[in-house]
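Participant: Before anything else, here's the structure in question.
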Amino acid sequence: MRIFFATPHFRVFNGATPEHEPMGGTESALIGLSRALARKGLEVSVYCNCQGIAGYFEGVKYVPIEQLEQDCLRLQPHFLIVLSGVKYLRLTVPNGYKIWWAHSDCSHIWEELPDIKAEMIATLATASDGIAVLSEWQAERLAHTLHLERKHFWISPYGIEPDDFQSAPTPSDPPRLLYTSAPNRGLALLLRLFPRIRAQVPNVELHIYSGLQVWSGIHDPWEEYKSQRVLRHATGQIGIFWYPPQAKPQLYQALRSGTLWTYPNHAAPDSTTWAETFCLAALEAQAAGLPVITSARGALPETVADQISGILIPGDPDSESYQQTFVDTTLHLLNHPAQRQQLAQQARTRALREFNWEKIARHWLHMFTHFKSSRMATTPYQSPFRQPLITVLVW
């Protein structure tokens, strides 16, 4: 069976990139899944921005995205799976299916941009044979946002490679809180709450591995400015240590040294993300043996099992009740090592058993083998405008 993945994202990468550069969840998942499918004997190619670094990596062929159209006609894949935009769903794939693999919640078109929304929905309804999503929450959210029937969605989560997490956790002394997600999804709030935690546990440290360059792979002045705007709250605070994003081996080593993974997640400003559609960072933390303290919002209740692999805090992250509960929960686990250790072991066991790429690849292979298209003849949503308009996005 021949499988094509396609992403027009500007990030330059291939299958070896996570070993020496930091990467975001979408590209990490693409590499992990394609590698796992190749191990099952499928012929897998990833079409992406890999000019100059194309080639085979662990059984997967990385091809410049410019070759996708001609290869769809020449090689005729059984499945074309498109990420990051919908335009490649319009390509002709003779005798094959086209699937959109959605990684965001499409919050940028919830209430605004009706003309762009209409065009996107028309493509997804009439040009794709189905939509793969990461969680039940994302499926329900997109079904509502995109006016598509729930049967058009198929759920498969992110995964991890168990071999990456074979080393036993070695929590540091003094205790260490870790934050390894994007800086605009909860870090500013954590930096405001940390002094309240440290006032009760004076030797606790906060170690931050965060930056927006995980999506670009390069130093970008605008991304650096946005990161520093959040990190300014850390200036002068004792016990806070900040590091740029790390490649996977270094990141996993850092996670193994942590005590708790603290993530007061909220809507991300300066982005199109309202809530987590899965959260690979939370999964990696659990696999490394870190109990997770985070928000009961988005898909986080599916990634983190409340009271089993972590603690989910309900309510509005901007409210004092949420923030006090977050602080109290963190203090409780810092002061009760036996309970913390139980959560750590359960988190590690659950992540390695339920979210390993081998198991997830079997799920995808079953879907490929028994696939039935849910493509529609007409779009379920029309733009309220009578004629095409030009939309100008102001950032």
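Taken together, the values in this text are just the output of simple stated rules run on the coordinates, not laboratory data. Values in this document were obtained by computation on a predicted structure and should not be read as measured data. Note: ideal-geometry Cβ built from the backbone for every residue, glycine included; neighbour counts use all protein chains shown.
Participant: For a quick size check, give me the Cα extents of segment 162-354 along its three principal axes, largest first, whole Å.
Facilitator: So the three principal-axis extents are 43, 37, 31 Å.
Participant: While we're on this one: In the structure shown, do any of 117/359; 151/248; 61/372; 61/248; 40/87; 40/151 have a Cα-Cα gap over 31 Å, and if so which? Provide the component values of the computation, followed by the final result.
Facilitator: Numbers: 117/359 35 Å; 151/248 35 Å; 61/372 27 Å; 61/248 21 Å; 40/87 29 Å; 40/151 27 Å.
The pairs that break the limit, which is 31 Å between Cα atoms, are 117/359; 151/248.
Participant: Let me spell out the model: positive unit charges on the Cβ of Lys and Arg, negative unit charges on the Cβ of Asp and Glu, origin at the Cα centre of the chain. What dipole size does that give, in debye rounded to 20? Spell out each step's value before the answer.
Facilitator: Details: 34 positive and 36 negative charges, 111 e Å.
Dipole magnitude for the chain comes out near 540 debye.
Participant: So which GluC sites (Glu not before Pro) in segment 132-171 pass both tests, a DSSP loop state and at most 15 other Cβ atoms within 10 Å of the Cβ?
Facilitator: Details: sites: 136, 140, 149; in loops: 149.
Of the GluC sites (Glu not before Pro), the ones in loops of segment 132-171 whose Cβ has at most 15 other Cβ atoms within 10 Å are 149.
Participant: Using 0.36 nm per residue of separation minus the Cα-Cα distance, give me the extension gain between residue 306 and residue 328 in nm, one decimal. Intermediate results must be reported in sequence, preceding the final value.
Facilitator: Numbers: separation 22, 0.36 × 22 = 7.92 nm, distance 1.59 nm.
Full extension from residue 306 to residue 328 adds 6.3 nm.
Participant: Please order 65, 238 by the number of other Cβ within 10 Å, starting at the fewest. Can you show the working numbers first?
Facilitator: Working: 65 17, 238 8.
By the 10 Å Cβ count, ascending, the order reads 238, 65.
Participant: Now, a different point. Kindly state, as a whole number, the per residue volume in cubic angstrom of the convex hull around the alpha carbon atoms of segment 1-152.
Facilitator: On the way: hull volume 18.3 nm³, N = 152.
Measuring per residue, one finds 120 Å³ for the Cα hull of segment 1-152.
Participant: How far apart, in nm, are the 7 Å Cα→Cβ label points at residue 155 and residue 296?
Facilitator: Going from the residue 155 label point to the residue 296 one covers 1.8 nm.
Participant: Sticking with this one: At 7 Å along Cα-to-Cβ for each site, give me the label-to-label distance between residue 2 and residue 366 in nm.
Facilitator: 2.8
Participant: Also, I was wondering about something else. Can you give the helix-only mean residue ellipticity at 222 nm for the chain, where every DSSP H stretch with n ≥ 4 adds -39500 (n - 2.57) and the sum goes over all residues, rounded to the nearest 500 deg cm²/dmol? Walk me through the numbers on the way to the answer.
Facilitator: Numbers: 12 runs with 139 residues, N = 395.
Using -39500 (n - 2.57) per qualifying helix, the result is -11000 deg cm²/dmol.
Participant: Further, regarding this structure: Along the Cα-to-Cβ line of residue 345, 7 Å from the Cα, sits a label point; which residues in segment 248-273 have backbone N less than 18 Å from it?
Facilitator: Hits in segment 248-273 for residue 345 at 18 Å: 259-260.
Participant: Continuing with the same structure: Please list, ordered by chain and number, the residues whose modelled amide H lies under 5 Å from the amide H of residue 155; skip anything fewer than 5 residues away on the same chain.
Facilitator: 133
Participant: Can you tell which of 305, 254, 76 lies farthest toward the positive end of the dipole of the chain, using +1 and -1 charges on the Cβ of basic and acidic side chains (Lys, Arg; Asp, Glu)?
Facilitator: 76
Participant: In the chain, if the dipole is taken from +1 on Lys/Arg beta carbons and -1 on Asp/Glu beta carbons about the Cα centre, which of 128, 88, 278 is farthest to the positive end?
Facilitator: The one lying farthest along the dipole's positive direction is 128.
Participant: So, R0 is 22 Å and r is the distance between the beta-carbons of residue 199 and residue 173; what FRET efficiency does that work out to, to 0.05? Intermediate results must be reported in sequence, preceding the final value.
Facilitator: Values: r = 20 Å, r/R0 = 0.90.
That pair, residue 199 with residue 173, gives E of 0.65.
Participant: Cα-based Rg (one decimal) and Dmax (whole number) for segment 242-304, in Å?
Facilitator: 12.2, 32
Participant: Once you have the Cα-Cα distance between residue 56 and residue 119, take 0.36 nm times their residue separation minus that, and quote the gain in nm to one decimal.
Facilitator: Numbers: separation 63, 0.36 × 63 = 22.68 nm, distance 3.56 nm.
Result for the pair: 19.1 nm of gain on full extension.
Participant: Further, regarding this structure: Take the chain, mark every one of the trypsin sites (Lys or Arg not before Pro) that falls in a DSSP loop and has at most 16 other Cβ within 10 Å, then report the longest stretch left between them, sites excluded. Don't jump to the answer; show the numbers that get you there.
Facilitator: Numbers: sites that count: 40, 372, 375, 386.
With a cap of 16 other Cβ atoms within 10 Å, the longest stretch comes to 41-371.
Participant: Identify which of the listed values of mean projected area of the Cα convex hull in nm² was calculated from the structure shown: [x] 26.8; [y] 19.4; [z] 22.8.
Facilitator: [y]
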